[in-house]
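A quick write-up on the structure given underneath.
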Protein chains: 2
Amino acid sequence: MRIVKKFGGSSVANAERVLNVARQIGEDVDAGHQVIVVLSAQGKTTDQLIAKAREISPNPSKRELDMLISTGEQQSVALMAMALESMNYKAISLNAFQVGMHTNRVYGNARLKLIDTERMQMELERGYVVLVTGFQGINRYDDVTTLGRGGSDTTAVAIAAAMNADRCQIYTDVEGVYTADPRIVKNAVKLKEISYDEMLELASMGAKVLHNRSVEMAKKYNVVLEVLSSMTRAEGTLVKEDAKVERMLISGVAADTNVARISVVGIQDVPGMAFTLFNLLSQKNINVDIILQSVGREGTKDITFTVSRDSLEDALAILRENAGQLKYQDLQYADNVAKVSIVGAGMISNPGVATKMFEALYNAHINIRMISTSEIKISVLIDERDVQVAMESIHDQFKLYQISQQ
Amino acid sequence: MRIVKKFGGSSVANAERVLNVARQIGEDVDAGHQVIVVLSAQGKTTDQLIAKAREISPNPSKRELDMLISTGEQQSVALMAMALESMNYKAISLNAFQVGMHTNRVYGNARLKLIDTERMQMELERGYVVLVTGFQGINRYDDVTTLGRGGSDTTAVAIAAAMNADRCQIYTDVEGVYTADPRIVKNAVKLKEISYDEMLELASMGAKVLHNRSVEMAKKYNVVLEVLSSMTRAEGTLVKEDAKVERMLISGVAADTNVARISVVGIQDVPGMAFTLFNLLSQKNINVDIILQSVGREGTKDITFTVSRDSLEDALAILRENAGQLKYQDLQYADNVAKVSIVGAGMISNPGVATKMFEALYNAHINIRMISTSEIKISVLIDERDVQVAMESIHDQFKLYQISQQ
């Protein structure tokens with residue numbers, strides 16, 4: 001089997017963990033597999049490098065920041081190669097130049113375009129474990145780029161696709177994908193399988209197991225993903241097209257607390273006003289999530305929407321700057337809200353799912369402030385303090401603790 | 001003018017020093033010069049990375065060690081680019097891949113073969129300060145190599161040669177080349193100029209201002225070097241072909257304490273024995289410096305030679321392993337010795353120089369254990385505890401404190 005394995009920064013944070021991961025890789029080699037490993041920078045290395053940059057310049061250029069922080073992954077792959085060599089495995093580290101990991105030219109948030117397979121193929125054929133720097137690429141100018149958040153996951157999936165790997169294993173600090181965050185819902189159950197679409201909805205809802213971009217790429221190239229823990233040897237969760245979540249309406253419930261709500265009250269009820277409003281926000285790269293429009297007094301309407309809490313200040317600033325154009329009567333906002341969502345391919349053919357969710361929240365005396373739905377997802381906005389009770393109630397209501405995939 | 005400037009690790013050890021060096025570079029830009037800067041890794045970065053490697057493997061492969069430690073210089077050039085940008089200068093960092101810094105394939109101690117000039121030329125023409133990683137290259141396999149000790153000096157000289165720079169400035173922690181180490185000989189004088197050959201002899205004798213390989217390359221390509229301090233703005237020492245050291249027999253005295261003496265006593269006096277002995281050592285990359293051969297008892301001879309103190313253990317091990325073949329009677333050694341040398345192009349035409357040196361040592365009651373001479377250098381091996389007195393006596397004897405190059 002040809003396997004791509006990706007380990008995050010905490011899995012390789014110190015010498016002991018590097019050696020531990022090397023032993024795991026060695027087991028795959030012993031079992032006769034061809035192994036490509038994608039690594040992130042060790043522990044807090046990237047943060048430390050960014051702090052170093054800020055000591056010198058408050059606003060360093062993204063090109064130079066990429067040049068700086070990409071050294072972290074190069075250190076990880078070299079150290080892992082040494083660890084494998086010390087155990088008498090053949091291993092070779094490769095950076096983005098050596099692999100030929102081509103991206104577009106956007107520094108700090110580049111997209112992979114093309115991966116040269118020749119060098120990796122040659123090293124695998126020579127019997128080497130290939131260790132590749134995650135998170136980084138080179139652009140058409142031969143400059144180093146980085147892929148943005150979750151970039152190493154994307155590197156791993158892209159390599160799995162380019163190299164026709166049988167499986168792409170993403171090692172994280174959790175044992176897999178759960179019906180809910182086990183730190184919040186005590187009887188949450190680990191899923192054996194989940195579909196790409198369900199995983200995408202979970203990821204976008206704050207279940208920080210896999211980054212969206214990597215799941216999208218896995219779906220596009222039909223790469224079988226496995227989410228598992230580098231600390232335990234427990235079986236993980238497979239993410240694939242034909243995932244079977246037996247007899248269950250939904251496969252999980254997730255909460256996102258990086259949410260804020262903004263209400264633009266008493267905006268003129270003329271055509272194009274909503275477009276003008278959201279266009280102003282999108283021009284500044286502010287993503288709007290749930291939108292609710294309601295009729296206000298005297299020929300006006302109220303538009304309420306959510307943004308990430310990180311961008312609340314920016315969004316309010318834009319709305320205030322353009323108060324003259326938007327002609328609203330009042331601006332209200334709240335950042336003590338949270339979004340709770342349920343996801344499941346099963347809900348497409350089961351219209352009662354939403355009702356069941358609302359019933360759970362009603363029984364728990366939780367106010368629903370906004371609602372948003374897609375084919376396989378229902379999200380509600382509630383007060384942040386209600387998150388734990390809401391998740392437990394929903395989890396119980398759908399009997400997710402009974403999930404069984406044997 | 002086109003200038004190549006090289007700063008060592010201590011000159012860029014922290015944010016404050018990086019900004020200080022950036023200001024110096026900025027002055028050259030303001031004066032209308034084209035500037036290429038070669039940087040070493042910050043402060044103790046390389047040592048820290050090597051320590052990290054040793055935590056994982058007692059004997060990491062040189063390929064992976066090069067991959068690891070080459071990240072240090074990449075961090076330096078990126079940080080320096082940020083510092084220059086923050087002062088509104090245009091600057092771009094380039095690593096060995098981006099420049100096209102081709103070396104032979106020897107990891108850990110590679111030799112530069114060819115430097116692509118296209119990218120650097122383009123960036124200079126666009127008005128950018130070009131910041132290049134010192135100490136590293138890439139080999140024919142696209143693997144990272146490092147150049148060994150003094151590697152960043154070599155990078156700077158090689159770039160100055162390839163880019164036809166008018167001057168190559170090497171910034172160190174001393175203000176230039178002195179008639180003797182000012183920490184040992186109080187009235188040592190800074191030289192205004194020195195020839196390549198004299199500089200080579202001084203370097204090989206332990207005056208750790210410039211690495212031999214870089215001076216050799218400067219001589220070969222006739223690159224005018226300037227040795228100066230990054231801390232003060234004092235004028236440095238020019239190293240060039242037609243250096244004028246007026247009316248002085250010698251230009252400097254230097255001491256090297258990284259020396260050990262080995263005596264192979266009672267070796268058979270048959271042809272080829274010396275060859276066998278030194279061949280065994282050279283096969284293990286042990287450099288022998290001064291050699292003395294003397295007649296021993298009963299058809300035997302004694303061979304005494306010096307090696308660097310670092311390689312004493314290895315040398316002794318080789319001699320012991322091959323005792324059967326070499327058939328010596330005894331092996332003696334000492335590591336409390338030092339080599340003191342005088343250098344000067346003037347001594348070629350002045351046969352009394354050696355006598356004058358020996359007279360100084362005799363007057364100071366210092367025993368000479370071995371002697372070695374070249375056209376422009378005389379070295380003596382003495383006890384280590386006598387080094388300071390020896391250097392002061394020689395410095396006084398030749399009136400080096402009177403040196404004047406105005």
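The values are calculated or read from the model by the stated rules, or taken from the named source; none is laboratory data. Keep in mind that this is a model prediction, so the values were computed, not measured. Note: ideal-geometry Cβ built from the backbone for every residue, glycine included; neighbour counts use all protein chains shown. Just so you know, the surface numbers come from the protein's heavy atoms only, side chains and all, with ligands and any DNA or RNA stripped out. Shrake-Rupley method; radii C 1.70, N 1.55, O 1.52, S 1.80 Å.
Quick notes on this one:
- Relative contact order of segment A:2-172, defined on C-alpha pairs under 8 angstrom at six or more residues apart (%): 30
- Simple spin-label estimate for B:Met1 and A:Arg140 in nanometres, 7 Å along Cα-Cβ: 4.0
- Accessible surface of B:Arg233, taken over heavy atoms with a 1.4 Å probe and every protein chain present, rounds to 140 Å².
- Under the span-like rule (Cα at least 30 Å along the axis, Kyte-Doolittle mean at least -1.0), DSSP H helices of chain B: B:62-86
- Here is how the number arises for chain B: DSSP H runs of 4 or more residues each give -39500 (n - 2.57), the sum is divided by the residue count, and the result at 222 nm is -10500 deg cm²/dmol.
- Amide N of segment B:284-313 lying under 19 Å from the label point, which is placed 7 angstrom from the Cα of B:Asp330 along Cα→Cβ: B:292-306
- Between segment A:363-406 and segment B:117-139, the alpha-carbon center distance in angstrom: 57
- Using a Gaussian network model of chain A in which every pair of alpha carbons under 10 angstrom is joined by a spring, one finds that among A:Gln34, A:Gln325, A:Gln42 the greatest mean-square fluctuation is at A:Gln325.
- Within the assembled protein chains, the solvent-accessible surface assigned to A:Lys52 is about 70 Å², based on a 1.4 Å probe.
- Pairs beyond 19 Å (Cα-Cα), from B:Lys6/B:Lys219; A:Lys284/A:Lys339; B:Lys5/B:Lys377: A:Lys284/A:Lys339; B:Lys5/B:Lys377
- For segment B:75-104 and segment A:246-302, distance of Cα centres in Å: 45
- Exposure check, 1.4 Å probe, all protein chains in place: A:Lys399 carries approximately 100 Å² of accessible surface.
- Three-way shape label, chain B, alpha-carbon gyration tensor, a/c 1.5: oblate
- Just checking the listed ones, B:Ser61, B:Ser393, B:Ser11: in the Gaussian network model of chain B with Cα springs under 10 Å, the one fluctuating most is B:Ser61.
- Sorting B:Leu280, A:Leu79 by accessible area puts them as B:Leu280, A:Leu79; the probe is 1.4 Å, largest comes first, and only protein heavy atoms count.
- Cα gyration tensor category, rounded, prolate or oblate, for segment B:1-71 with a/c compared to 1.5: prolate
- Inter-part distance, segment B:188-204 to segment B:29-74, computed on C-alpha centroids, equals 28 Å.
- Selected from B:Leu225, B:Leu191, B:Leu19 as most flexible by GNM, with chain B as the system and alpha-carbon contacts under 10 Å: B:Leu19
- You can think of it this way: the chain between B:Met231 and B:Asn363 has 43.6 nm of extra reach, that is 0.36 nm per residue less the Cα-Cα gap.
- Value of relative contact order over chain A, rounded to a whole percent, pairs C-alpha under 8 Å and six or more apart: 14
- B:Lys327, B:Lys356, ranked by accessible area, largest first (probe 1.4 Å): B:Lys327, B:Lys356
- Distance (nanometres) between label positions extended 7 Å along Cα→Cβ at A:Thr373 and B:Ala51: 6.1
- Tensor-based shape of segment A:1-120 (alpha-carbon gyration tensor, a/c under 1.5 rounded, otherwise prolate or oblate): oblate
- Within 10 Å of each Cβ in B:82-94, the average number of Cβ atoms from other chains: 4
- Ascending distances from the A:Asn20 label point to its copies in the other chains, with the point 7 Å along the Cα-to-beta-carbon line: 4.2 nm.
- Rounded to the nearest 5, the antiparallel percentage of DSSP beta bridges internal to chain A is 60%.
- Here segment B:2-172 carries DSSP beta bridges of which approximately 25% are antiparallel, counting only pairs with both residues inside.
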